[in-house]
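The values are calculated or read from the model by the stated rules, or taken from the named source; none is laboratory data. This is a predicted model, so every value here is computed, not measured. Because the Cβ atoms are built from the backbone with ideal geometry, glycine has one as well, and the counts that use them run over all protein chains shown. Please note that ligands, DNA and RNA were not included when accessible areas were found on the heavy atoms of the full protein model with its side chains. Shrake-Rupley method; radii C 1.70, N 1.55, O 1.52, S 1.80 Å.
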Amino acid sequence: EREQPTHLAIVFDTKEPTFRHKRYPKYKATREKMPDDLVGQLGRLDQVLRATGLPLLAEAGWEADDLIGTLAHQAAQQDFEVFMVTGDKDFQQLVTDKIKLYNPKADNILILGPQEVEEKFGVPPERVIDVLALMGDTSDNVPGVSGIGPKTAVKLVQEYGGLEAVLSAAETMKKSKLRDNLLEHAETARLSRELVTIPLDAPATFNAEDFAYKPIFNSELARILSELELDRILNRLSGTSNNASTANSSSEKRNYIALTGEAELRKLVKQWMKQKPLLSWDLETTSIDPMQAELVGSSFAVEEGTAYYVSMEHLEGEISLTDGFTRFGEPVDDKTALFLSIVQPLLEDVSIPKTGQNIKYDMQVIATYGIEVRGVVFDTMLAAYLINPGSRTLGIDALSNEYLSLPKIPTSDLIGKGKGQLSMRDVELDRITEYACEDADYALRLTNKLSGLLDTQQKILNEIEIPLLPVLRQMEFCGIKLDVGFLREMSAELDRDLERLIKECYAAAGEEFNLNSPKQLAAILFDKLHLPVRKKTKTGPSTDVDTLTSLAELHELPLKLLDYRTLSKLKSTYVDALPALVHPHTGRLHTTFSQTIAATGRLSSNNPNLQNIPIRTEIGRKIREAFIPGEPSWKLVSADYSQIELRIMAHLSEDENLLDAFRRDADIHRETAARMFNTSVEAVDADMRRAAKTVNFGIIYGQTDFGLAQELGIPRHAANEFRKNYFKLYPGVAEFMRSTIEKCRENGYVETMRGRRRTIPDIQNQNRQLREFAERTAINTPVQGSAADMIKLAMIAIAKRLKGENFSARMLLQVHDELVFESPADEIETLSEMIQEEMKNALLLSIPITVEVGNGSNWLDAH
């Protein structure tokens, strides 16, 4: 950006040892290991750079330095002026009139030619390697000559010349430690000179055409930068900036209109109801929580570049008392009621196709005013998610940038951020009109753009994700009843337990300390108790869960600390937090289900997250007791797929042993244990079954030997034996895993049984860790994704029958493979049969599907 080069290349080291390592095995041996969090980012860095189209060079057995030196030398011979962009002092040896050092790390850009090298280093470029040979290099573990530092090395080279001249002169020097060291370490100095010399004959060729700089911005780069939320870089590269003035470019067709009169709005609504165009619709509200949000305005668009905004505050007209709109039992103001009365027929007309960005939110907000939106056929956020399920940036700002190359006015431009944030009600009409109309307009443009990119995923959108929208909206709106008094008593009980654990921790430590202070805890564990340090962070020894778990075998304190943390987290996250989230009007807890968080297609729950309550712990189970039916004499009903992912693995892998076990309705974990431990099914004990269960599920999730060893508390070689034995027992599973990875390498993606596609970008990555993680993802996605599709299809079918057959029962929650309902007692038998039927038939497998249905006075009893 600053220098505008005509040619450019980026050069990397490789993992393979170089000729230097072979010459001197201790070369770079003292280098600190690359931090794990950096290792994990290398694959992403490679993705970004490859997307630019810039030449990326690396050669096994050669350092990046060698390739740079060779290329620089060749380019200079072709009469180019060359800049080696680096802060590495070793490169000063290559500097000539045509090859310069460009150091971007300095406060001010530092460019070194031959004169600057001599002034800075003390010798001309051709003598730099002689100085380095004498002084050595601690960072690369180049030995040099003992006792000789930079100043002495420069002085010797200045006085005597090259390395050989210095070594030859050593015998004539006065007797001293310097003389003795030079004589004793002469061969070490010669070795060091070899190690620091950058060769000019590495296997790299400078071809001017290949290295010519071309514009690097393209849609793939934009997609990745957007996904990584590197918006500032994205805007710089695309030549745009996210502000209203850029967005309101004169070259862009924009006709944004504020509707303030009742007649204008009625005329448009009448026209749209007659023509039935694709309607892009969006709301402006006072909150991101749809159950708390109040209506501020609404925007509409039916053709690109034209949009309309209606402000509740500015709408003028007459409202009939018969329109009587309410929100949670309270009458709404006249202007809002006027708006609702005009648009209700439009929004509820199923024959008028509708689209929007995250339209479930708008559907939910308007539902609190008594309007049920029908006819939704598209959602830009869902479509973008299906195109790239791994993306974390699915907001309209990012999507507009990525797919339309149009910057969106940021919300913060209107209402600010943080404590001083305004309400949308405080924004002037002209500013909110432009912002809101952009929302509707850009959502329409994105709909047209993304429709052409969905390809096979259009079917997933049409058959699963869009039909699921009203189902989820209804579940969120309904919410679930919480026994607040029960949780209040539980909180007091946990306070007593925590107080007891704190005292026990003090006793185990031999002194009082702050259990929540990592620094004080580390001092107790490692300085006082002398427990081994397992890993380090930037601030000192780690005291995380993994560390405490590994130390629990050695001392009682880590185990008590784990208990304390578990109780403390459950208390703050659920026991104390959930009652505060009960809606003031409905008296129920309302979670939000997201279809776009998990790349496998699974639903996620947030605000609050009800999918993370740990069912395996006693305290987690007790929290579930607080979820109760909302009506007197009703029951909660829980329907749960039994081992559905293992059954899907059996279906996909066609492994005869697995299929046979499920067809016989055998205990699959006990069967696996019997085979793994070479014993009868009757002889399998609890520990053996637990080990087999861990392996069974671990295989689906691509668990490594290390992960399996940690979970079972066994050596890694034993975990490896378990895995080998498993694949001998179930060879079809091994073949399924192999062929899935192979197909993913060929195609770049994997698919579920229904065709939901997930791209796996790192499946060919040269970084082993990233590649192996990608392979595990490729194996897991068809299994977990098919299970996700299955329960979604079941939910759609069940919701249809609940309505069509006039059940009073309501579907409340989806938690992984479980659905939770509330029902009057007299419907439970019929309801249970209907739920089982739809869940079993949602996705047909070659083996029986088991659905366990229970009911009770609370969630725990029902499950």
(message) If I stretch the segment between residue 81 and residue 314 completely, what's the gain in nm (0.36 nm per residue apart, minus their alpha carbon distance), one decimal?
(response) 77.4 nm
(message) Out of the GluC sites (Glu not before Pro) in the range 621-666, which ones are loop residues according to DSSP with at most 16 other C-beta atoms within 10 Å?
(response) 654
(request) Could you pull out every one of the aspartates and glutamates with an alpha carbon less than 18 Å from that of residue 503, ignoring same-chain neighbours closer than 8 positions? (result) 493, 495, 511, 512, 556, 563
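Are any of the pairs 459/743; 335/803; 481/693 more than 31 Å apart by Cα-Cα distance, and if so, which?
Numbers: 459/743 22 Å; 335/803 33 Å; 481/693 34 Å.
Beyond 31 Å between Cα atoms: 335/803; 481/693.
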(request) Calculate the spin-label point distance for residue 255 paired with residue 598, positioning each point 7 Å from the Cα along the beta-carbon direction, and give it in nanometres. (result) 4.6 nm
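Between residue 423 and residue 581, take the C-beta separation as r, use R0 = 30 Å, and let me know the FRET efficiency to the nearest 0.05. Don't skip to the end; give the middle numbers.
Working: r = 21 Å, r/R0 = 0.71.
Step by step, r from the Cβ atoms, then E = 0.90.
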(message) In whole Hz and in residue order, list the ³J(HN,Hα) couplings for the range 593-608 that follow from phi through the Karplus curve 6.51 cos²θ - 1.76 cosθ + 1.60, θ = phi - 60°; x for Gly and Pro.
(response) 9, 10, 9, 10, 8, 7, 5, 7, x, 5, 6, 10, 10, 8, 6, x
(message) If you take every DSSP beta bridge fully contained in the chain, what fraction is antiparallel? Give it as a percent rounded to 5.
(response) 75 percent
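Ranking request for peptides 519-525, 285-291, 433-439, 451-457: highest mean number of other beta-carbon atoms within 10 Å first, then the rest in descending order.
Averaged packing, sorted descending, gives the order 433-439, 519-525, 285-291, 451-457.
At most 16 other Cβ atoms within 10 Å and a DSSP loop assignment: could you name the trypsin sites (Lys or Arg not before Pro) in the range 651-756 that fit?
Values: sites: 663, 664, 670, 675, 689, 690, 693, 716, 723, 724, 728, 738, 743, 745, 754, 756; in loops: 664, 754, 756.
Hits after loop and neighbour filter: 664.
Just subtract the alpha-carbon distance of residue 8 and residue 492 from 0.36 nm times their residue separation and send over the number in nm, one decimal.
Numbers: separation 484, 0.36 × 484 = 174.24 nm, distance 6.59 nm.
Computed gain between residue 8 and residue 492 is 167.7 nm.
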(message) In Å², and per residue, what accessible area does the chain have when probed at 1.4 Å with the other protein chains present?
(response) 48 Å²
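Hey, what number do you get for the chain at 222 nm if only DSSP H runs of n ≥ 4 count, each worth -39500 (n - 2.57), divided across all residues, to the nearest 500? Can you show the working numbers first?
On the way: 38 runs with 409 residues, N = 863.
That calculation yields -14500 deg cm²/dmol at 222 nm.
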(request) Taking a cut-off of 18 Å between Cα atoms, list the lysines near residue 535, but don't count ones fewer than 8 places away on the same chain. (result) 33, 519
(message) With unit charges on the beta carbons (Lys and Arg positive, Asp and Glu negative) and the dipole taken about the Cα centre of the range 642-797, which residue among 727, 674, 794 sits farthest to the positive side?
(response) 794
(message) For the range 1-67, what does the relative contact order come out to in percent, with C-alpha contacts under 8 Å and a separation of six or more?
(response) 61 percent
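Within the range 416-485, which trypsin sites (Lys or Arg not before Pro) sit in a loop by DSSP and count at most 13 neighbouring Cβ atoms inside 10 Å?
On the way: sites: 417, 419, 425, 431, 445, 449, 459, 473, 481; in loops: 417.
Loop-located and lightly packed - 417.
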(request) Enter the Cα centre distance for the pair the range 417-457 and the range 322-362, rounded to the nearest angstrom. (result) 19 Å
(message) Below 19 Å, Cα to Cα, which aspartates and glutamates can residue 417 reach? Residues fewer than 8 away in the same chain don't count.
(response) 229, 231, 284, 289, 397, 426, 428
(message) Can you find, among 835, 804, 257, the residue sitting farthest towards the positive end of the charge dipole of the chain, where Lys and Arg contribute +1 and Asp and Glu -1 at Cβ?
(response) 835
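Take every Cα pair under 8 Å in the chain that's 6+ residues apart, average their separations, divide by the length, and report that relative contact order as a whole percent. Before the final figure, lay out the partial values.
Values: 1330 pairs, mean separation 81.4, N = 863.
Reported relative contact order: 9 percent.
Quickly rank 527-539, 261-273 as a protection proxy: mean count of other C-beta atoms within 10 Å, highest first. Before the final figure, lay out each step's value.
Numbers: 527-539: 11.8, 261-273: 15.2.
My ranking of the peptides, most packed first, is 261-273, 527-539.
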(request) With a Förster radius of 25 Å, plug the Cβ-Cβ distance of residue 350 and residue 303 into 1/(1 + (r/R0)^6) and report the FRET value to the nearest 0.05. (result) 0.70
(request) Would you mind pulling out the separation of the Cα centroids of the range 42-70 and the range 616-644, in Å? (result) 54 Å
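State, to one decimal in nm², a quarter of the convex hull surface area for the C-alpha atoms of the chain, i.e. the direction-averaged projected area.
Values: hull surface 185.0 nm².
Its Cα hull, projected and averaged over all orientations, spans 46.2 nm².
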(request) Give, rounded to the nearest 20 debye, the magnitude of the charge dipole that the chain has about its Cα centre when Lys and Arg contribute +1 at Cβ and Asp and Glu contribute -1 at Cβ. (result) 1440 debye
(request) Find how many whole Å separate the alpha carbon centroid of the range 815-858 from the alpha carbon centroid of the range 253-298. (result) 40 Å
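What does the charge count near residue 261 come to, summing +1 for each Lys or Arg and -1 for each Asp or Glu among other residues with Cβ under 11 Å from its Cβ?
Working: positive: 266, 267; negative: 262, 264, 316.
Net charge in that neighbourhood comes out at -1.
What number comes out for the charge environment of residue 153, summing +1 per Lys or Arg and -1 per Asp or Glu over other residues with Cβ under 13 Å away?
On the way: positive: 89, 127, 151, 155, 193; negative: 130, 137, 159.
Around residue 153, the charge tally is +2.
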(request) Could you tally the net charge around residue 312, taking each other residue with its Cβ under 11 Å from the Cβ of residue 312, Lys/Arg +1 and Asp/Glu -1? (result) -3
